[in-house]
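The values are calculated or read from the model by the stated rules, or taken from the named source; none is laboratory data. What you see is a predicted model, and the numbers here were worked out from it, not measured in a lab. Cβ atoms come from the backbone with ideal geometry, glycine included; neighbour counts cover every protein chain shown.
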Amino acid sequence: MNNKDDKKTKNKWLYIILIIILVALLIACIIVLTSNGNKEDENTLAYTDLIKEISSNNIEKIEMTVGSTTVKVKEKNVDEEKTAIVPNTESFIGFVQQKVDEGSDIELIQNPRSVWAQIPSFIISILPTLIMLALFIMIFKMQSFGEKGKIYDETEIKTKVTFDDVAGLDEEKEELKEIVEFLKKPEKFTKMGAKIPKGVLLYGKPGTGKTLIAKAIAGEANVPFISMSGSEFIEMFAGLGASRVRKLFEKARKLAPCIVFIDEIDAIGARRSSNSGAETENNQTLNQLLVEMDGFSSDETIIVLAATNRPEMLDKALLRPGRFDRRITIPVPDLKGRLAILKIHSKDLKLSADVNLESIAEDTAGFTGAELANILNEAAIEATKNKHESIENDDVEEAIKKVTVGLEKKARTVSEKDKRLTAYHEAGHAVVSRYLPTQTNVKEISIIPRGVAGGYTMYKSDEDKYYISKTEMQERLVALLGGRAAEKLVINDISTGASNDIEVATQIARDMVTKYGMSDKLGPIDFQGKEPYEIQMFGENIGDKIGEEVKDIINTAYNRAIELLREHRDKLDMIAQALLEKEKVNEEDFKKFFEDEK
Ligand code: ADP
Ligand code: MG
Ligand code: ZN
């Protein structure tokens, strides 16, 4: 799907390799040129001495190259060869020949001219300059590479992706069909006087299929797809961004009807605020984009699609009528969407009968299309590694873990002390969740290191939910802090192993107070205001109050976790012990520990 990027990086590598070769050549040239001058100091034989030595039959071998005045000389009883400069090669050869005829045992070797020797010496002397020049041109070309490689390569701009390749997103596709129609038959729309949007902004998390759907529109309408990423506009020299935008649209006008896709538009379209260097550069680029978008009339049949995962960052000017006035949110797929995506991406895979796509879809709430595609790919790798005939359920399970927590690191040695700590930490999460009604069941607990984590507790995936209640969020905090609570309770010391839990918990608590208005003291107000002054209007010390509330929520949750673990200490010990023995506890084993309670 990403052959455009592949091609780009391939070309980039080609350039880099060429540059390396050129640099090597340059160095070689310099060495050759300078060494010619140096050689004379060491191991040289003056011409007169050479003649003398030849006359006294002290020379064993003379090697010379046609056209060169430098000869190699091997004296008898001397190991090293010497060189000598011969003023007149013709007469020198004549002289040696005569000596040979007279019975001297000199071996005279005459080499043909080498390729290098045939190049006029002035060219050799300007070669370094030529190479330098070539280097400069190439480096300059690399700078403007993004444009050249992407825009001017006609083969890249035809895409075969269609709506059939985009799973789920039915409503979004429906909405975008209008644009496909317009690209196909613009006259139909203009005759009617209908206004077609010039720009469509796609909002959504990375990997939700924004690029894919943009390509699909081009594919459906059978028009060229010209794309560029926002970060590419700003990465190079100052002033280049604006000129790239200009060139991009120049090309688009030539190819119209077509789609212009600007990925990561937030990189250029970020709110204009301060006046730092980078900002001004961005402004120029952004201004150019605005000029271009205002510049073409709506019957020019160029549709500009842009993608971002940070809509709040965008400059308002981009959202004005006649620019990106149509906005479509690309959501993370729901159960139905995930199943559809899994189906599309497993089309070419060999799945064994025990693989159940429905249940994978159920287990992967919150996963994006890219992550799901990645899981299937990893599963295929896993199956190959395990020498399975086809992809088995175990391969998929392992792939899911690999994608979510990272690679299992069986080889990493862990001290007994750390193992005990991890076992109690993970058991703490699991036991606490068990007594929290809103939390999902434990699926697997492990103390085998994986990725950066020393262990993990996996839960059964949540149903897709649109709303999360306050109770649910509070209990989630208790579950998250259960790890740290167990460390404190049992080992009476705490570790860095809980840092991720704490990060997530703090974020949730902060959102509860500042985003979802769940704090009784502060009330239902959105404090994550879009502009700094929106926060300021609540008074100077509002920040302190927010901080106190967050702290309060976290502390309450932590204390609840400690309480729960105290109450069920027997279970905590049993499960930690089981983990120390077997390293993993699965769903069934876990349930057995609680059988006595029913
Ligand atoms: P984004 O541009 O939103 O970051 P991409 O369009 O680049 O995401 O998606 C990355 C990959 O994930 C796609 O190439 C595709 O393989 C897969 N993917 C994402 N969403 C979908 C979807 N709805 N249907 C099929 N594949 C998808
Ligand atoms: Mg993308
Ligand atoms: Zn933890």
Inset, instruction - Go over the candidates ALA453, ALA509 one by one and state the one that is modelled with pLDDT under 85 and either hydrophobic (A, V, I, L, M, F, W, C) or touching a strand residue (DSSP E or B) at 6+ places or on another chain (Cβ under 9 Å) (or both). - result: ALA453
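Kindly establish whether LYS191 is part of a helix (DSSP H, G or I), out of contact with any Leu (no Cβ under 8 Å at 6 or more places or on another chain), of a type in the set (Lys, Arg) and assigned by TED's automatic domain parsing to the domain that holds ARG310. Break it down into steps so the answer makes sense when it comes.
On the way: part of a helix (DSSP H, G or I): yes; out of contact with any Leu (no Cβ under 8 Å at 6 or more places or on another chain): yes; of a type in the set (Lys, Arg): yes; assigned by TED's automatic domain parsing to the domain that holds ARG310: yes.
Criteria met by LYS191.
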Legend entry - Pair list, Cβ under 6 Å, 6 or more apart: segment 253-266 residue assigned by TED's automatic domain parsing to the domain that holds SER231, other residue among the charged types (D, E, K, R) and within 14 Å of ligand 2 (Cβ to nearest atom): ASP266/ARG310
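Could you identify the single residue in GLY517, GLY539, GLY523 that is in the same structural domain as LYS592 (by TED's automatic domain parsing), away from ligand 3 (no atom under 13 Å from the Cβ) and at pLDDT below 80?
Details: GLY517 fails: at pLDDT below 80; GLY523 fails: at pLDDT below 80.
Result of the check over GLY517, GLY539, GLY523: GLY539.
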Legend entry - Looking only at segment 91-132, and only at residues there that are at pLDDT below 75 and of a type in the set (Phe, Trp, Tyr), the one that is farthest from the chain's Cα centre (by Cα): PHE122
Legend entry - Long-range neighbours under 7 Å by Cβ, at least six apart or interchain, first residue of a type in the set (Gly, Ala, Ser) within segment 311-326, second surrounded by 14 or more Cβ atoms within 10 Å (Cβ to Cβ): ALA317/LEU290; GLY322/LYS198
Inset, instruction - Kindly provide the set of residues from segment 303-323 that are at pLDDT 90 or above and of a type in the set (A, V, I, L, M, F, W, C), ordered by number. - result: ILE303, VAL304, LEU305, ALA306, ALA307
Inset, instruction - Check segment 486-494 and report whether any residue there is assigned by TED's automatic domain parsing to the domain that holds GLU588, touching a His at 6+ places or on another chain (Cβ under 9 Å), of a type outside the set (A, V, I, L, M, F, W, C) and modelled with pLDDT of 90 or more. - result: yes
Inset, instruction - Test ILE445 against the stated conditions and say whether it is of a type in the set (A, V, I, L, M, F, W, C) and either assigned to a loop (DSSP other than H, G, I, E, B) or assigned by TED's automatic domain parsing to the domain that holds LYS347 (or both). - result: no
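Would you check which residues across segment 572-585 are in a helix (DSSP H, G or I) and closer than 14 Å to THR457 by Cβ and list them? Lay out the reasoning, then the answer.
Taking segment 572-585 and keeping what is in a helix (DSSP H, G or I), we get 572-582.
LEU572, ILE575, ALA576, ALA578, LEU579, listed by residue number.
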